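Please read the structure below before turning to the comments.
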Amino acid sequence: MNTCTRPACGRRHYALGLCQRDYLRQRKHDDPAATYRPYELQKSDVDEAAVRRLMAGDPPAAYTRPERAEAVRQLHGAGLTDNQIAARIRVERVTVWRVRTRMGLPTNRERTRREAGGGTPSYLLPHPWLAASVSDARRRAAS
């Protein structure tokens with residue numbers, strides 16, 4: 001049985017003289033000894049202008065994972081839910097969930113009307129073309 005040619009590996013040969021793990025690292029990073037760097041270690045890779053654009057809802061054409069993670073962290077700190085963050089930075093909700101759980105952040109739940117101080121939440125408001133008929137119906141019911 002052939003083994004990996006990278007020193008101190010000893011795994012079974014997969015392709016090009018490397019084991020499967022080292023072969024995939026070679027293909028992705030051009031270095032079979034590359035290791036995963038968590039988001040916390042990638043802080044130097046964050047472009048603050050890209051993060052600000054993501055948070056404003058105007059994502060740049062290309063941004064990095066650490067920039068997306070930083071935007072999720074800041075928007076989560078502002079109290080936005082996963083759905084609201086996903087809509088803001090234009091990614092899937094599950095992507096926000098993955099980033100948030102990797103960073104160990106708890107779920108932000110949507111505040112109820114009572115907690116928010118009354119009023120109708122925006123997602124319960126009718127379509128603009130129905131607004132007049134709804135307010136007329138409420139007025140008739142109140143009198």
query: Restricting the first residue to region 1-25 and requiring it to be among the β-branched types (Val, Ile, Thr), which pairs with a second residue that is at pLDDT 85 or above and buried (at least 18 other Cβ atoms within 10 Å of the Cβ) meet a Cβ separation below 8 Å and a spacing of at least six or different chains?
result: THR3/CYS19; THR5/LEU18
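When the residues of region 74-87 are narrowed to those that are within 18 Å of GLY104 (Cβ to Cβ) and under 9 Å from the mean Cα position of the chain (by Cα), which ends up most open to solvent (accessible area, probe 1.4 Å)?
Only one residue fits best here, namely ASP82.
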Test set (1) surrounded by 15 or more Cβ atoms within 10 Å (Cβ to Cβ); (2) under 17 Å from VAL46 (Cα atoms); (3) hydrophobic (A, V, I, L, M, F, W, C) - ALA61 fails condition number: (1)
message: What pairs come out if I take residues in region 86-101 that are of a type in the set (S, T, N, Q) and pair them with residues that are open to solvent by less than 60 Å² (accessible area, probe 1.4 Å) whose C-beta lies under 9 Å away, six or more apart or interchain?
response: THR95/ARG68; THR95/VAL72; THR95/ALA86; THR95/ILE89
message: Quick check on region 1-49: of everything there that is among the acidic types (Asp, Glu) and in contact with a helix residue (DSSP H, G or I) (Cβ under 8 Å, 6 or more places away or on another chain), which residue is modelled with the highest pLDDT?
response: ASP47
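The values are calculated or read from the model by the stated rules, or taken from the named source; none is laboratory data. Note that this is a predicted model, so its numbers are computed, not measured. Every residue, glycine as well, gets a Cβ built from its backbone with ideal geometry; the counts of neighbours run over all protein chains shown. Surface accessibility is based on the protein's heavy atoms, side chains included, excluding ligands, DNA and RNA. Shrake-Rupley method; radii C 1.70, N 1.55, O 1.52, S 1.80 Å.
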